[in-house]
Each structure stands twice: as C-alpha cells, then as structure tokens.
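The values are calculated or read from the model by the stated rules, or taken from the named source; none is laboratory data. Here the structure is a predicted model, which means the values were calculated and not measured. For neighbour counting, all protein chains shown are included, and Cβ atoms are generated from backbone atoms with ideal geometry for every residue, glycine included.
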Amino acid sequence: MARRESAKGHAGAIAVVAGATAISAFLQDHSELSDLTMLYLLGVVIIAISFGRGPAIAAALLSVALFDFLFVPPRFTFRVSEARYLVTFGVMLAVAVITGTLTARLREQRERALLRERRIASLQRLSQDLALRSGAAEVLEAAVSRIQEILGIEAAAVLANGQGALTLAAGNPGILTSEPDRAAAQLALLHGRPIGFSQGVPGVRGMHMPLVAGTKVNAVLSLSAPDPQVLLDPERMEMIRAFSNLTALALERCRLAEDARQIQTQVDAERARNALLSSVSHDLRTPLAAITGAASALRDDGARISEPARRELADTISEEAQRLNRFIGNLLDMTRLESGNLRVKKEWHSLEEVVGASLTRLGPELSGREVRVSLAADLPLIPMDDVLFEQVVRNLVENAHKYSSAGFPIEISATVDDEVLRLQVADRGEGLAAGEEKHIFEKFYRGSRAAARTGAGLGLSICRGIVDAHGGTIVVAKRPGGGSVFTVNLPLEGAPPTIEREDAGDSPEMETA
Amino acid sequence: MASRVAKDPVNGSTAALVLVIEDELGIRRFLRTGLEGQGYRCIEAGTGGEGVTQAATRSPDVILLDLGLPDFDGLTVVRRIREWSGIPIIVLTARGQETDKIGALDAGADDYVTKPFSMPELLARMRVSLRHRSRSESEPEASVIEIGTLSIDLARRRVSIGGAVVPLTRIEYRLLITLARHAGRVLTHEFLLREVWGPSYTSQSHYLRVYMAQLRHKLEPDPGRPRLLMTETGVGYRMSESFNKTL
C-alpha cells in the first residue's frame, strides 16, 4: 500500500515538474530565470503538500536538473556558468525538504486524527451495541460480529463450561478446530494472558485474548486471519485490545446482572417460604387451639358442664379436627404435585360416577346446598385418574360453596366437543375482582373477598396441578348474570375401548309358568 | 343398637372380642374407649408379630389392623392370619393409599376405614363384617335378598323395587347380586370383574364402569348421586345396606 502511494507521489512529481518545465519553456523569452525558479518552487510545494517529503525531494532534484539543463546558461548542459545558480539550486532543495517535511507531518497528524476518530467511532458503536445485549451469549455474539466487520479478521468467542472444557459461544469454530489453538485458548482462559502465534508456540496460528474483568477470566476471544502477521499491526493490535476490554466489561455487567437476578429470586423464594410458613402455622394452630381448648375443658370441668355445652365442645373438636385433616391433606397433595411425584393413573372412567363420588364425599360439608348436575347424555368414558379427578371436582364445588350465596344452586355441567371434555362448575357468588383470574390458581392466593372465610388458598392450585398433570387446562371466567364459572378442558386421547354388548332382551329372569 | 352388636355372633351370649393391632397409643386408647362404650371387649397389640400371636391364641371375633406397623407391614399380617383363619379383618389406612387398600383387600382383608375415621363409621364396618361371618357360618343363603325397598328374588332371578319389577340383562343381574351378597362391604374392581365377567377380564375395568352406570340408571332415583351403589374411588364399589326408593 505504502509502495503504491509513493509510486503515485513520484509520478505526480514527474508530472508537476514536467508541467513547470513546459510553462517555463513558454515563458522563458519574456521572464527572468529567477521567475522560472518560482514556478519550479511552486511545483515542489504542491508535491510536498500532496504527497509528502519523498516525492517533494524527488521533485526538487528533478526540477534542479531540468532547470539547469534547459534554462541555465550554458543551456542543454549540466554545467553552471555562474555560482549564484548553485545558491538557487540549494534554496530549491531546502524549500523542498522543509515544506515536504512540514506538510508530511501535517498529513500524518491528520491521518492519525482520522484514524483515532474512526477507532473511537467503532468502539462507540461496539459499546452501544454491547449495552443493548443481555446475557453473555448475546454480548459475545455482538462483539465477534463487530470485530469481524471492523477489523476484517476472523473471530470466535469461547467460554469455559463447568468441566473446564471449552464451548464455542459465538462465531465460527475456525482455527479452534485445530488442537494447538484450542490448547492456547484454554491456556488464555486459565491464566488470563493473551497467547498467540507471535509467542512462537508451535502450531498456533491465531491470537487468543482473555476477556478479564476484575480478577475473573470470563471468556476468550480467538482471532485469526489468513496472514497472521496482519494481527500484529500495532494499530489493529490496539483496536483488538480496546475491543477485548469493552467486551470484558460488558460480560462483567451481564454477570453482575445475573447475580442480582439470582439474589432477587432467592429473596422471592425466601419471601414465599415465609408466607407459606406463616400460613401453615396459622392454619395448623387455629384448629389445634380450638381442639386443645375444648378437650381441656371437657377433661377438667367435664362434670360441671351442662350436657348441651358438652355436646358443643365435642362438636368443636370433631369439626376442627376435620378442618385440620383437610388442610394437611391439601398440603400433602400440594407437596406431591410440586415434587413431581404425582403419578397419574389414567383409566377409562364415567364422569357421572366421579362427580357423584365427589358429591357423596362432600355431603355433610355442603350442608344441604343444592347442586344441579347436568351431564350430556352421550358422554363417553373419559381417560382420567379417578382419585385425583374426584378431588378436582370436590375442590371446585367446595370453592363454589364457600364463595357464593347459599340461596343459589351450584351448577355442574359437562359436554364433549371436538375430542375435548368440557366440565364446568358455576356459582352465583360475588365473582372475581378484575385481574384475579390469573392469580386465583396460585398457591396460597386468596381472593380479595376471601379474607372472611377460612382456607389456605390451596384447593384451586391443587386443581390446576392435577388438571395440568392430565394434560388439560383449567380457567375461570365471570359468569353472565353474576358469579364465576370454572372450566376444565380435558383431551380425550382417542376412542374409548369398546365392550361386547349383550343381546337385547338377554334377561336373567326365569319366568315360571 | 349396642346390645345387638355386643352379642358374640358365634355363641350369642358374651360380648364380641375385638383385637386392635395398632402401634399408636393414642389411637389404641380412643378405640378401646369407643369400643368398650359400645359393649365390645377389647384386646390390643402394638406390633404385627404380637398381633398374629394374639389372633391365634385369643381367637377374637374381629381384628382392626393398622397398615403402618413398625415391625412388618400390614399386608404381611393379613396374609399370615389368612393362612389359617377367616376372622374378619378391617384395615385402618391413611388417605391417599388406595394401592395399599386394594392390596390388603386382595390379601383377604374384609374392609377398610380411612384415618381419620369416626366411631360410627368404624362400628358400621364392624357390624357388616361380623354379620357376614356369622351368615357364612350358619344357614345357607336366603332365597330373597332385601335391601330397603330393593328386593332380589334369587330363585326366580327377579329384581324389584317397591314391588315393581326392574328388567335387567344377565350381566347387570350378576353384578347386582355379587354386590348384594356382600352388601355393606367394599368389593374391589378386580374382584367384581373376576366374579361377574371371569378371570380374563380383571384388567378390563371399563366393563365395570359401563355396567355400573347402567345399573344405577335402572335402580337409583338420581344416578348422578347414588345412594345404593356407592363408589369407593380408586378401590371399588360398595352396596349400601339401606335403600329407599319409591318408583
């Protein structure tokens, strides 16, 4: 590149000197020789400004030679008749050298400024780009593509995985497919020092820059080019270093953000655990307190308590114990659901039977509340785990009973549409507050209007857990005319098994005549 | 009521003897108090081994067996006792242990109650078990089974409710009489499938579901909330001992 530049400069010098000579030849009859000298000097200055010192000196030498040969008497010889012309030659040369040097320095300064500007611009682009990325992978991806684009070299980024082996995070594997370079990248990662072919390690063709922030090596940039010497260009070296630093900082930022996120997650988990503990201890202690109180009253003052009061105490013990039992049951179910230990044993079941069993089991709790069941007459057998699904129905009905006015019936309906069972439990309760639809299935969530009722907020999340485990969905919606509708959708998964039908009129009766 | 169950079903004179095999002291105490209050005599065992010994030496009339014993599991106790005796065994289990319940029933237990249970619930199970035992030991089966308003004439194979004949298919009838012969007792899916359809059908539980639904639609006033043919979810079915329906 430099050679082509100087060839251009020398060609320019020849052209300008030739031009000056042509004009001088034209003017020589009407001018003093000193005027012609000025013309040549002008040419030298132009060359110096345009092409720098070398071409300027060349132009000066050429000018002196031509001026001497063509115009200084005796003409057409290099001999000089008067000594003063030697001074002229000296001045021309001095002017050429001085202006050439000055302009060359100016040019250099301008070029350096331009270069610095370009470098700053590209660093800025990179840093803007990196600032937009979140996560180490994205940062490395951006850095690698910027380096390739701006520096015109091949780049790849590697991370250490847990076992100390390298994984490619961005870019093409390129030189990392060769064993020595992989080892060099690993060393760079291990020691936090750049390692490359310039250190004379046999077989290494690239340059491996560790991305260090603080004391931690986060990743390694592996750079290569078809001609590795390109990488050693000081200008490029500096850019590579600047890019590496920027990328390392961005990686560190990601790591800190990730740490902060993890800490936040831990804080959230801790908060959830505290909420759970306080809920659990409240829901365990309340019935226990009632039981203990009633039992101790019966034990200590049994003789003095009237028969109806004794009866009431016994009822309290029994009811609170049942409440405790339900709560513990829910907790256990929740734990089983969350630990993933829940095994869904699907068999073909009649929904009518499962709903019936739920209602029978709920019997005393519903205390005479009307429940209307309308199941489509053509419901097929449904693949489900009856024990679990009975609980879904029970929890939904219990929920409806708890949160709706006793005067209105709870309505259960089911249809099959498009190979999906749709089971609905509807009530005429106060309905949900806006935005509650999503939260109501969350663990320990209790509706805004639930404060006055007992319960731990587990029933509906257990429903969702079980329905999820069945591959179905459960949603809640406002019911037209007031109240809520819970809808369970369950895929049917193929046709139910067929059974051999008995012949019509196949009666067991043995009529005696 | 107490006087009726207090009669020893075999001798008809002394109170029935109950063996409680349970390691939890609290439950033993509550059972003893409750049972003695109802006129039963009570003996206790804290381990399975002790329980098997007591069952052999004291010849109780009914055994209440906890499935979660410290030495060996309840199933083993059931099998050991069944090797030489048909004493009614009622298993006490925790919720969510449907597999254990089925296992115990298949091993020969008569019935189960789920903890926490109430005294009336347990007494009802014990009464049914004691009655079935006394029946199987005494006279041959009656020719008519009557459960409330439901009447099954075994000789004429005719089923009626409140005097009105209900036509049943052959399989519906077989299913109904199997349940009726064990009224009050839980029967596992497998048992019913084997009894009604035969041994090769024991895993075809959908047959049972379909026929159970058919029977309910013919016999129950509200098939969606049965009162005669009760579901024991995850385990089997139980025919209730009392039933009233007017057609």
**Q.** Residue satisfying all of: in region B:209-227; surrounded by 21 or more Cβ atoms within 10 Å (Cβ to Cβ), in contact with a strand residue (DSSP E or B) (Cβ under 8 Å, 6 or more places away or on another chain) and not charged (D, E, K, R); nearest to the other protein chains (Cβ to nearest Cβ) among these
**A.** B:M212
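Every residue, every condition in (1) modelled with pLDDT under 80; (2) part of a loop (DSSP other than H, G, I, E, B); (3) touching a Cys at 6+ places or on another chain (Cβ under 7 Å); (4) loosely packed, with under 13 Cβ neighbours inside 10 Å, yes or no:
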residue: A:G100; (1), (2), (3), (4): yes, no, no, no
residue: A:R105; (1), (2), (3), (4): no, no, no, yes
residue: A:A121; (1), (2), (3), (4): no, no, no, yes
residue: A:A142; (1), (2), (3), (4): no, no, no, no
residue: A:G162; (1), (2), (3), (4): yes, yes, no, yes
residue: A:A184; (1), (2), (3), (4): no, no, no, no
residue: A:A188; (1), (2), (3), (4): no, no, no, no
Q) How many residues does region A:305-351 hold that are surrounded by fewer than 15 Cβ atoms within 10 Å (Cβ to Cβ), within 23 Å of A:D386 (Cβ to Cβ) and acidic (D, E)? A) 1
Q: Please identify the pairs in which a residue from region A:323-349 that is facing chain B (nearest Cβ under 10 Å) has its Cβ atom under 6 Å from the Cβ atom of a residue that is in a loop (DSSP other than H, G, I, E, B) and acidic (D, E), counting only partners at least 6 apart or on another chain.
A: A:K345/A:D385
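Before we move on, is A:L246 surrounded by 12 or more Cβ atoms within 10 Å (Cβ to Cβ), in contact with an Asp or Glu (Cβ under 9 Å, 6 or more places away or on another chain) and either modelled with pLDDT under 90 or outside the structural domain of A:F441 (by TED's automatic domain parsing) (or both)? Talk me through it step by step, then tell me what you get.
On the way: surrounded by 12 or more Cβ atoms within 10 Å (Cβ to Cβ): yes; in contact with an Asp or Glu (Cβ under 9 Å, 6 or more places away or on another chain): no; either modelled with pLDDT under 90 or outside the structural domain of A:F441 (by TED's automatic domain parsing) (or both): yes.
When the stated conditions are applied, A:L246 does not pass them.
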Q. So which residues in region A:376-389 are within 23 Å of B:G236 (Cβ to Cβ) and more than 7 Å from every other protein chain (Cβ to nearest Cβ), if there are any at all?
A. A:L379, A:P380, A:I382, A:P383, A:M384, A:D385, A:L388, A:F389
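If I filter region A:67-81 down to residues being in contact (Cβ under 8 Å) with a residue 12 or more places away in the chain and in a loop (DSSP other than H, G, I, E, B), which single residue comes out as nearest to A:S31 (Cα to Cα)? Talk me through it step by step, then tell me what you get.
Within region A:67-81, the subset in contact (Cβ under 8 Å) with a residue 12 or more places away in the chain is A:67-68, A:70-72, A:78, A:80.
Checking which are in a loop (DSSP other than H, G, I, E, B) leaves us with A:72, A:78, A:80.
Values: A:V72: 13, A:F78: 21, A:V80: 19 Å.
Taking the candidates together, the pick is A:V72.
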Q: Give the residues of region A:352-371 that are within 10 Å of chain B (Cβ to nearest Cβ) and either over 25 Å from B:L208 (Cβ atoms) or surrounded by fewer than 15 Cβ atoms within 10 Å (Cβ to Cβ) (or both), sorted by residue number.
A: A:G363, A:V371
(Q) When you check B:G108 against the structure, is it under 13 Å from the mean Cα position of the chain (by Cα) and away from every other protein chain (no Cβ under 13 Å), yes or no? (A) yes
Q | region B:111-132, subset more than 11 Å from chain A (Cβ to nearest Cβ) and charged (D, E, K, R), residue farthest from B:L65 (Cα to Cα) | A | B:R131
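Applying the selection to region B:236-246, what residues are more than 16 Å from B:V128 (Cα to Cα) and buried (at least 20 other Cβ atoms within 10 Å of the Cβ)? Before you say what the answer is, go through the steps one by one.
Filtering region B:236-246 for residues more than 16 Å from B:V128 (Cα to Cα) gives B:236, B:244-246.
Matches in region B:236-246: B:G236 only.
Can you tell me which residue is farthest from B:A107 (Cα to Cα) among those in region B:161-176 that are among the aliphatic types (A, V, I, L, M) and facing chain A (nearest Cβ under 9 Å)? Lay out the reasoning, then the answer.
Within region B:161-176, the first condition is being among the aliphatic types (A, V, I, L, M), and the residues that meet it are B:161, B:164-166, B:168, B:171, B:175-176.
Cutting the leftovers down to facing chain A (nearest Cβ under 9 Å) gives us B:165, B:168, B:171.
Working: B:V165: 38, B:L168: 32, B:I171: 26 Å.
Among them, the one singled out is B:V165.
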